[in-house]
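The values are calculated or read from the model by the stated rules, or taken from the named source; none is laboratory data. Predicted model, so just to flag it, every value in this text is computed and none were measured. Glycine gets a Cβ as well: all are built from the backbone with ideal geometry, and neighbour counts include every protein chain shown. The protein model used for the area step is the full one, side chains on, heavy atoms only, and it has no ligands, DNA or RNA in it. Shrake-Rupley method; radii C 1.70, N 1.55, O 1.52, S 1.80 Å.
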Amino acid sequence: MNNNLTRRTFLGCTAGLGCTAGAIGALAAAPPVEELVKNRPPLAASAFYRLPLTSVKPGGWLKEQLRIQADGITGHLGEFWPDTGPNSAWLGGTGEGWERGPYYLDGLLPLAYLLDDPRLIAKVKPWVDWTLDRQRPDGSIGPEKNKDWWPAMIMLKALTQYQEASGDPRVIPVMEKYFAYQSRTLASEPLKSWAIYRWQDELASLLWLYNRTGDAGLLDLAQQLKAQGFDWRKFYENFPYTGRTASGQSRHDTHGVNNAMGLKTAALWYLISHDPADRAGAAVALSALDKFHGLPNGMFSADEHLAGRNPSQGTELCAVVESMFSLELDMAVLGDARLGDRLEKLAFNPLPGAQTADQWSHQYDQQPNQVLVSLGRRDWTTNGPESNLFGLAPNFGCCTANLHQGWPKFAASLWMASADDGLAIAAYAPSEVHTKIQGVDVVVEEHTEYPFRDRISLTISPASPIRFPLYLRIPEWTRDPVIVAAGRSEEGLRPGSYHRIEREWRKGERVEITLPMPVRAVPGFNGSVSVERGPLVYSLRIGEAWSKLRQTGPVADWEVYPTSAWNYGLRVDLKDTSASFQVREEPVTRQPFNNSSPPVMLQAKARRLPQWVIVDDSAAPPPQGPVTSRLEDETVTLLPYGAARLRITSFPVLGPDEPPRGGE
Ligand SMILES: [Zn+2]
């Protein structure tokens, strides 16, 4: 069926690896799986290709994060939240029939298959079956009452993942028929509202199908979508929004989640256009957002609209998980090591930082400088008084439905295939990858406690010796990295790039990677600095008093009050930053993103700044540095951002002490 397959086959569930999911229900009968499919002409080649879902198996602390998620809100949401419950219109009921059902499935589904969890797979099945079995004769899918193109765009993303994990033969015909319907209908019922700004999410699924069927009509449909959709590349090339979105000025293109989704547009369109400007588009977009709206956690402000660089502005959780998904797709097309750096920064900082460590409660808006979590009137662009509570659906329920994709899609994207029939590491975390290269089964185990430690150990086990290239990401932040492959030291390692090792690999051969993590002070708003070490951002540890506002089923809504001071200026030698901090390592526990026993902490000298106070329920902007204080130096502790639900992340820098005044 596909003249474009490579010589490898990727098994979603290799014999002998505990394929318990295969033991239940109709899904069991489906033959897993899916061969690696590369881009079909006339599409441009990608640098890397995402592996079929379940090729990467999370391990270590990352597997525990997914397990905690399964035991937390993701594994139970439909049991008490009506919008993803049995009355959803996406299950044939009379309830919510827009984006929330598909959003939930888009995260529940990869979580279920990555954990190979029969209980979760059983939850996935009714959603998938209803959409696949209730396609109308004209080809349209989803609830009859929905007249918006947008929700089906999300469902298509879920269906592509389902096809890869299950091999279910219903998926491709349903998608073909749906796209044919849309091709006939789009001229008379064009994209409207959200769909104009999110057409690129459908493009990803459309290209996925084109590579499997070669139907040239799909590329015509892509052109129609682009013609009706927003031009994100041109928008970022002449980026108009250089400050906080003013009251009454919010639009679809100032909307944070739309921007997060838009980050994938140029790279995906490059596959069709072959235009170098599209190839450059992801970097142009990130640099525009960083320059005018960048926050020290790696995100841009989005509360709910672009809000400038003050670290007390918020970022909606949907914007975090959608940025991650965009970066995962960008990484595959472009193979740019710096995109992996950014993806890790989001996964290890703002993703856990907006949720409780047990993954039951989440925030709508998180703040890098977050000193009070409460019902309050904060200076958001348009969001309401609940937005920074930890809870079930603070402010609005979109994040409640959409947060689930963050961890599982990240885990599934750690490893990718390279265009030249090798393997590439997009992001580092404990995992195993199972694949076939030139017909030979290959397993690579990645043992590491990264990002809490700087060493990564790979064990490469082909069934028989085989030659292939391995691409190792050298993060831009590391200094003097070391790679020893099968006993031989690699040379020419350049931070911010990929290091390629091509050799004949034999069973059990090891690659030892050390990525030293010097502490960095990153300049920010008002002359402040944020502190990073490796991919982790560090924040001031603040005592937290949790106060329950209400309970809905198993989920509580919480306020969090500070029980210790937060208004510190940091004593940091900007010429030798590492010398200003002491690194303390502790064991990596089951919930590494908790504030009582984090796996790594920094200690530093700091001084209280009495002039820095709370304004409108948030920390005022950091006072312009360098700052002075007449109070004594204290030793303060910095935690990983994701472990600190109250935090200061942008610190004013202490200048030289004022000379004592005469007479004092
Ligand atoms: Zn949201």
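Has the range 396-403 got at least one residue that is among the small types (Gly, Ala, Ser) and within 13 Å of the ligand (Cβ to nearest atom)? There is at least one residue in the range 396-403 that is among the small types (Gly, Ala, Ser) and within 13 Å of the ligand (Cβ to nearest atom).
Where strands (runs of 3 or more DSSP E) sit wholly within the range 468-530, those with at least 2 residues that are of a type in the set (A, V, I, L, M) occupy 482-485, 509-514, 519-523.
Only a single item in (1) at positive phi; (2) in contact with a Ser or Thr (Cβ under 6 Å, 6 or more places away or on another chain) is not met by residue 618, and it is number (1). Scanning the range 214-261 for residues that are within 16 Å of the ligand (Cβ to nearest atom) and outside any helix (DSSP H, G or I) turns up 250, 255.
Does residue 544 count as in contact with a strand residue (DSSP E or B) (Cβ under 7 Å, 6 or more places away or on another chain) and closer than 29 Å to residue 374 by Cβ? So residue 544 passes the test. For a quick check of your reading of the model, give me the residue pairs whose first member lies in the range 197-216 and is on the phi > 0 side of the Ramachandran plot, whose second is surrounded by fewer than 24 Cβ atoms within 10 Å (Cβ to Cβ), with beta-carbon atoms closer than 8 Å and at least 6 apart or on different chains. Pairs that qualify, where the first residue is on the phi > 0 side of the Ramachandran plot and the partner is surrounded by fewer than 24 Cβ atoms within 10 Å (Cβ to Cβ), are 214/2; 214/3; 214/4; 214/40. Close contacts from the range 310-325, counting a first residue that is more than 29 Å from residue 624 (Cβ to Cβ) and within 14 Å of the ligand (Cβ to nearest atom) and a second that is assigned to a helix (DSSP H, G or I) and of a type in the set (Val, Ile, Thr), with Cβ to Cβ under 7 Å and a gap of 6+ residues or different chains, come to 318/257; 322/257. Contact annotation: residue pairs with Cβ atoms under 6 Å, 6 or more positions apart or on different chains, pairing a residue in the range 397-425 that is more than 29 Å from residue 437 (Cα to Cα) with a partner that is more than 16 Å from the ligand (Cβ to nearest atom) and assigned to a helix (DSSP H, G or I), are 404/108.
Residues in the range 343-373 that are touching a Phe, Trp or Tyr at 6+ places or on another chain (Cβ under 6 Å) and within 13 Å of the ligand (Cβ to nearest atom): 1 in all. When the helices (runs of 4 or more DSSP H) confined to the range 295-358 are screened for residues that are within 20 Å of residue 103 (Cβ to Cβ) and open to solvent by 10 Å² or more (accessible area, probe 1.4 Å), those reaching at least 1 such residues are found at 317-334. You will find that of 384, 376, 406, the residue that is surrounded by fewer than 22 Cβ atoms within 10 Å (Cβ to Cβ) and either part of a strand (DSSP E or B) or within 16 Å of the ligand (Cβ to nearest atom) (or both) is 384 and no other.
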